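Worksheet: the structure to be examined is printed underneath.
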């Protein structure tokens, strides 16, 4: 006796759900373990790429979930739980702006601009970081976000083909 619930549509739906789960949870967690150190102690993080991909593919909710899961490791390692809220905001806003503009670079830059006050205030008041450190951090994060947005924008056709 065959199982009547399995069909080509069901397989496609399962594939999309598995892809979504991977992009929203596993990929950000995995990429949060990879950092490239430069200029003494500054790091380029890889998990924002997964956050932006999730925001593009699954909208604000996808960006929010990926932002949370991608920043868990860093938040625990640095003892700064405020990172989670900041990256959740970045992911959510990227998805929000992408839905309205369909432009990944513009969406990431707008999301970063809106997230920036939270980043500065939480790092200064809650994490106790110096203004000079925060200024350097803002530049590194801006450049890293711009890099990932550019790379994702260049690969948008294959990404859309795979996700849709």
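Residues that are in contact with a helix residue (DSSP H, G or I) (Cβ under 9 Å, 6 or more places away or on another chain) and under 16 Å from residue 21 (Cβ atoms): does region 91-100 have at least one? Explain how you work it out, then say what you get.
Looking only at region 91-100, we keep the residues that are in contact with a helix residue (DSSP H, G or I) (Cβ under 9 Å, 6 or more places away or on another chain), and these are 91-100.
Applying the additional criterion that residues be under 16 Å from residue 21 (Cβ atoms) yields 91.
Checked region 91-100: at least one residue is in contact with a helix residue (DSSP H, G or I) (Cβ under 9 Å, 6 or more places away or on another chain) and under 16 Å from residue 21 (Cβ atoms).
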The number of residues in region 38-93 that are closer than 21 Å to residue 139 by Cβ and outside any helix (DSSP H, G or I) is 10
Going residue by residue through region 55-76, is there one that turns out to be surrounded by fewer than 22 Cβ atoms within 10 Å (Cβ to Cβ), over 24 Å from residue 18 (Cα atoms) and touching a residue at least 24 places away in the same chain (Cβ under 8 Å)? yes
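Where a number appears in this text, it was derived from the coordinates with a stated rule and is not lab data. Treat the numbers as computed from the prediction; the structure is a model and nothing was measured. Please note: Cβ atoms are built from the backbone with ideal geometry, for glycine as well, and neighbour counts cover all protein chains shown.
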